[in-house]
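What follows is a short report on a single structure.
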Amino acid sequence: MSSEVHLDNRLQLCAAFVRRGARVADIGTDHAYLPVWLCRNNICPSAIAADVKPEPLARGRLTIAAAHMNDRIEARLSDGLQSIAEEEADDIVIAGMGGELIAKIIGGCPYAHNPQKQFILQPMTKSEALLRWLCANGFTIRRQDCCVAGGKYYTVLSAYYTGQTVKPDALFPYTGLLRPYENETHRRFIQGHIDRLRKQAKGDAAFSVLADRLEDYCENGTRDSGLV
């Protein structure tokens, strides 16, 4: 196996959110590409590559060994963060799974309310459900961006616990901190939400209203504060 590790745009964007010097835990690591890349580039002093299934974890161990990183990266079987202690990770990456599952993993983390922990999240689906959950459970979105990989648009966001629960307007779960009226990649990502809402509108006209408001936001950045 080659020791070279190249990240696609999706994982590269996740890597860009990791704080320099942070110990990282990559949840659902699969091939452990992200931890290897972060340690090899001296962004992180150490990492845990975690997965709930033995097969992807075995692939991760091969990547770690080929990169000669066994002294800095540990591959660990873990259901979410259950087998990772609070003092072992500063930045926690949860990428490549649905937004509802990501929310469940954070909700089951015994130290998620430590405000020093940064959660770097890349939902493959249901990003709006994840943002709703974060707002309702006292997490603040610090940063959000989008990328395109393999012809698909993805969003990555970082969040940390403040204890301040908020009820966002109807657009926020779909837009978050994105600026589609300035950034074409952000716009394309939100367009995916709009397309899905248009399909849902066949059964409920309220989804059509929401889609219209999102299109207005993409065009000029205005949002109807009365839409809740």
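I'd like to check something: does segment 102-109 contain any residue that is more than 19 Å from GLY221 (Cα to Cα) and in a strand (DSSP E or B)?
Of all residues in segment 102-109, those more than 19 Å from GLY221 (Cα to Cα) come to 102-109.
Subset that is in a strand (DSSP E or B): none.
No, every residue in segment 102-109 fails to be more than 19 Å from GLY221 (Cα to Cα) and in a strand (DSSP E or B).
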Using the structure shown, decide if GLU88 is free of Cβ contacts under 8 Å to residues at least 60 places away in the same chain and assigned by TED's automatic domain parsing to the domain that holds CYS147.
no
Evaluation of LEU177 against (1) more than 22 Å from GLU100 (Cβ to Cβ); (2) touching a Lys or Arg at 6+ places or on another chain (Cβ under 8 Å) (one fails), failing number
(1)
Evaluation of SER83 against (1) touching a strand residue (DSSP E or B) at 6+ places or on another chain (Cβ under 8 Å); (2) without any contact (Cβ under 8 Å) to a residue 60 or more places away in the chain; (3) part of a loop (DSSP other than H, G, I, E, B); (4) under 27 Å from GLN164 (Cα atoms) (one fails), failing number:
(4)
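For segment 96-111, give me the residue count where each residue is among the small types (Gly, Ala, Ser) and out of contact with any Leu (no Cβ under 8 Å at 6 or more places or on another chain). Before you say what the answer is, go through the steps one by one.
Filtering segment 96-111 for residues among the small types (Gly, Ala, Ser) gives 96, 98-99, 103, 107-108.
Remaining after also requiring out of contact with any Leu (no Cβ under 8 Å at 6 or more places or on another chain): 96, 98, 107.
Summing the residues that are among the small types (Gly, Ala, Ser) and out of contact with any Leu (no Cβ under 8 Å at 6 or more places or on another chain) in segment 96-111 gives 3.
Listed residues ASN70, ASN41, ASN9; which is among the polar types (S, T, N, Q), within 22 Å of the chain's Cα centre (by Cα) and more than 23 Å from MET97 (Cα to Cα)?
Working: ASN70 fails: within 22 Å of the chain's Cα centre (by Cα); ASN9 fails: more than 23 Å from MET97 (Cα to Cα).
Unique residue meeting the criteria: ASN41.
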Considering only segment 21-60, state which residues are crowded, with 24+ Cβ neighbours inside 10 Å and on the phi > 0 side of the Ramachandran plot.
ALA32
Could you please find all residues in segment 197-219 being closer than 19 Å to LYS126 by Cβ and in a helix (DSSP H, G or I)?
LEU197, ARG198, LYS199, GLN200, ALA206, PHE207, LEU210, ALA211, LEU214
Where residues in segment 128-145 are crowded, with 17+ Cβ neighbours inside 10 Å and in contact (Cβ under 8 Å) with a residue 60 or more places away in the chain, which of them is farthest from ASP195 (Cα to Cα)?
ASP145
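Going by the conditions given, is GLU100 in contact (Cβ under 8 Å) with a residue 12 or more places away in the chain, touching a helix residue (DSSP H, G or I) at 6+ places or on another chain (Cβ under 6 Å) and surrounded by fewer than 17 Cβ atoms within 10 Å (Cβ to Cβ)?
yes
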Every pair of residues 6+ apart whose Cβ atoms lie under 7 Å, when the first sits in segment 147-176 and is surrounded by fewer than 20 Cβ atoms within 10 Å (Cβ to Cβ) while the second is among the basic types (Lys, Arg)
ALA149/ARG10; TYR153/ARG188; TYR160/LYS117; TYR160/ARG142; ASP169/ARG223
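The values are calculated or read from the model by the stated rules, or taken from the named source; none is laboratory data. Since the structure is predicted, the reported quantities are computational estimates derived from the model, not experimental observations. Positions of Cβ are generated from backbone atoms using ideal geometry, with glycine treated the same way; all protein chains shown enter the neighbour counts.
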